[in-house]
1. Just need the relative contact order of the range 222-316 here, percent rounded to a whole number, with Cα pairs under 8 Å and 6+ apart.
2. Using modelled amide H (1.01 Å from N, peptide plane; none on Pro or chain starts), what sits under 5 Å from the amide H of THR151, excluding residues fewer than 5 places away?
3. Tell me the carbon and sulfur percent of the accessible area for the chain, rounded to whole percent, probe radius 1.4 Å.
4. Roughly how many Å² of MET76 are accessible to a 1.4 Å probe, to the nearest 10?
5. Would you give the gap between the C-alpha center of the range 247-281 and the C-alpha center of the range 121-155, rounded to a whole Å?
6. Using R₀ = 35 Å, calculate the FRET efficiency as 1/(1 + (r/R₀)^6) where r is the Cβ-Cβ separation of ARG37 and ASN180; round to 0.05.
7. With the cut-off at 18 Å, tell me which of the pairs LYS210/LYS323; LYS65/LYS257; LYS88/LYS128; LYS245/LYS297 have Cα atoms farther apart than that.
8. Only Cα pairs under 8 Å and at least 6 apart count here; give the relative contact order of the chain as a rounded whole percent.
Amino acid sequence: MRTLILLSTLSFLLSSNGKAQAPDLPSSTVEEAGFNRDSIDILIDLIYETPHKDFRGLVVIKDNKLVIQEHFNTYMWNTIHDIRSAGKSVTALLLGVAMQEGLIESLDQSVYSLFSEAQNPSINEEYKKIRLRDLLDMSSGLDADSDDWRTPGQASNWISLDNWREYVLNIPLKAKPGENFVYADIHPLLIGLAIEEASGMSLKDYAQKKLFEPLGINQVYWFTNASNQTGAAGNLYLTTLDFAKLGLLVTNEGKWKNQQIIHPDYIESLINTKRPLPESWSGFADAYGMFWYKCTKTFAGKEIDYLFASGFGGNHLVVIPEKEIVIAVTSSAYGAPYSHGRSFAITYKVLNALK
């Protein structure tokens, strides 16, 4: 077992009664939240003792109360971290914000209709066949595949450009929209560009004003190119606690304190939209929908439905709406074979500690 060293900086994280602390969230002890203390202590010890020093943080929130806030390997509670493709799930939340504000009408409107012809005269007319929900489910039919650099819509073909819009609005169709799941960064990018056109702001600035500031999220970096277009597919840096706060919007049906940021109907669709994943993805999740993965597993003898955002390196945001649980895991194990497996294992141990 690790030796606990009491440092003054830890006073922000732990009070005298063992409660995790955050300035804008009430707190609860592990026992009060219904977790087994010994199981959680063993898990924390195990993380400290692991030979890989690239695990960053673990935050657990239950019933809107902060239960666990731990950081590891010199990473501090206020260190922002690249959550990679988990940023796609944040883009899905921002689409809900834009729909709440009336900037975008419906998930069934065509992608073509999201962009004015005056500003985008060369947009591919085949985009009239693609619905917004097809982008959210990674089933647009566009010739784009994150795992195939030969496809014209693959990110390596546009990420270094100073202006992404003209290029990504001209990708050809390869398949019928709505049929096949193909993971590609172009899908959230198109949604980000649509929000930018509708709002007149970069997605970064829109997110800061409409989502991050209401949630008390002040430390953020989101890569934005020379044309003020934000990388909606990832490259979003947040603290582990702020990452977890975004999961609270899902458990609270789009509401933060007294403000309805996202309509409850949108959150219901986000939770319940489930497209079966190809067999090659079967070990990762059961289904996918609206840029979130969906799973059903048994923990502590009880079957639990949950959804999660996932980013390269083992960055996971797990949300269990029925039990009002949010688990945020941050990791910089970029490219390491154990990255996702370790984060899954940590999440599973937390959930198996439920009494």
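The values are calculated or read from the model by the stated rules, or taken from the named source; none is laboratory data. Here the structure is a predicted model, which means the values were calculated and not measured. Because the Cβ atoms are built from the backbone with ideal geometry, glycine has one as well, and the counts that use them run over all protein chains shown. Note: areas computed on protein heavy atoms with side chains; ligands, DNA, RNA excluded. Shrake-Rupley method; radii C 1.70, N 1.55, O 1.52, S 1.80 Å.
1. Working: 92 pairs, mean separation 11.5, N = 95.
In percent, rounded to a whole number, it is 12.
2. Long-range HN contacts for THR151: ASP145.
3. Values: 7320 of 15110 Å².
Carbon and sulfur atoms account for 48 percent of the accessible area of the chain.
4. Counting only protein heavy atoms, the figure is 80 Å².
5. 23 Å
6. Values: r = 47 Å, r/R0 = 1.34.
Using R0 = 35 Å, I get an efficiency of 0.15.
7. On the way: LYS210/LYS323 27 Å; LYS65/LYS257 13 Å; LYS88/LYS128 23 Å; LYS245/LYS297 23 Å.
From LYS210/LYS323; LYS65/LYS257; LYS88/LYS128; LYS245/LYS297, over 18 Å: LYS210/LYS323; LYS88/LYS128; LYS245/LYS297.
8. Values: 678 pairs, mean separation 72.6, N = 355.
Once normalised by length, the contact order is 20 percent.
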